[in-house]
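Report on the following structure.
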Amino acid sequence: MPIMLPSDFDLLQGIAILSLFGAWSAYSEVLKKIARGSLNAQLSTVRAQWLRLSITRGQKPFDAILLGHIVNSIAFFGSATMIVLAGCITLFANVKSVHGTASELTLTDGSSFELFVIHFTVLTAILALSFFSFTYALRKLIYVLALVGALPEGKLEPHADDCRNEMVRCAAMVLSEALMTFNFGIRGYYYAVAGLGLFVSPWLCLALTFGATAILMYRQIATPTASAVQGYVAVSERASAPPES
């Protein structure tokens, strides 16, 4: 049975929705093309160094505090997003009254009830994807806790030390993957704001999508914080590189 779209759902509406999800999903790949990747990806070298240094510390309260802070931050965003998502799902039960109230606002485009439901579904889908990203990032961090806790300490035989270095590399990779998933969910909030533009005009949605992407990339490339992090990573890579013969 074919899906019947509302009569006021035109090509521009479809382009706005596809651009919204396209920009969100392609953000990291585009950043790799125009820069060295996101700051989170560049910090993977620093995380590996952090875990290598953690092995040399007899007691690790500092490392435990850092990992605990990351876990608590992701859990907070997951809980907050679940509350907002639950509110959106609850509004679906009264979507007709919500549409009636929204239609009275001068800012909205006076779309049909069916198109309003599509817009509301897009916004809910963005929040749902963000929630799933936060929960998946939290799951990855649980893996990280086990991997870090099992890292062998002390002086080892040369072959065993090589194995430990590989374990550190793998643990750092899982940690970076967890934070990448977390950042994907965070970006969802930016694109949720862009999704609100659908209720006013697809042109506004396109403008907000471009604006959100530009802001995110500016923060990753051109801010003083980005420059400082990139300089730190560059120095860290030079320090860990083997000396030239």
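Structure notes:
- Segment 109-232 shape via C-alpha gyration tensor axes, a/c threshold 1.5: oblate
- Overall dimensions of segment 1-53 as given by Cα atoms, namely Rg and Dmax in Å: 19.7, 62
- Count of lysine pairs in the chain with Cα separation under 28 Å (8 or more residues apart, or interchain): 4
- Here the scattering of segment 78-148 is modelled by Debye summation over its C-alpha atoms, one equal scatterer each and no solvent; at q = 0.14, 0.27 Å⁻¹ the log10 of I(q)/I(0) is -0.55, -1.14.
- Sites residue 232 and residue 114, calculated FRET efficiency, Cβ-Cβ separation with R0 51 Å, nearest 0.05: 0.50
- Using C-alpha pairs under 8 Å with a sequence gap of at least 6, the mean separation divided by the residue count of the chain gives a relative contact order of 33 percent.
- Charge dipole of the chain about the Cα centre (unit charges at C-beta), most positive-ward option of 203, 183, 193: 183
- Probe 1.4 Å, accessible area per residue of segment 140-215, Å²: 50 Å²
- Two-site FRET efficiency, residue 121 against residue 173, from Cβ-Cβ distance with R₀ of 45 Å, rounded to 0.05: 0.80
- Potential lengthening between residue 153 and residue 83 on full extension [0.36 nm per residue; Cα-Cα distance subtracted]: 21.0 nm
- Mean Cβ count within 10 Å, highest first, over the residues of peptides 163-170, 200-207: 200-207, 163-170
- With N the number of residues in segment 32-94, Rg(Cα) / (2.2 N^0.38 Å) evaluates to 1.75.
- The chain: DSSP helices with Cα axial extent of at least 18 Å and average Kyte-Doolittle hydropathy no lower than -1.0: 11-34, 44-56, 61-92, 113-149, 158-196, 202-221, 224-240
- Cβ charges +1 (Lys, Arg) and -1 (Asp, Glu), total dipole of segment 1-84, debye: 720 debye
- Cα-only radius of gyration and Dmax that characterise the chain, units Å: 22.7, 75
- Diffusion constant of segment 135-198 at 4 °C, which comes from Stokes-Einstein with the Kirkwood Cα-pair radius and 1.567 mPa s, µm²/s: 94 µm²/s
- Rounded percent of accessible protein surface that carbon and sulfur make up, segment 26-87, 1.4 Å probe: 70 percent
The values are calculated or read from the model by the stated rules, or taken from the named source; none is laboratory data. Owing to the predicted nature of the structure, the values given are computational and were not obtained by experimental measurement. Cβ: placed from backbone, ideal geometry, glycine included. Neighbour counts: every protein chain shown. Ligands, DNA and RNA are excluded from the accessible area calculation, which covers all protein heavy atoms including side chains. Shrake-Rupley method; radii C 1.70, N 1.55, O 1.52, S 1.80 Å.
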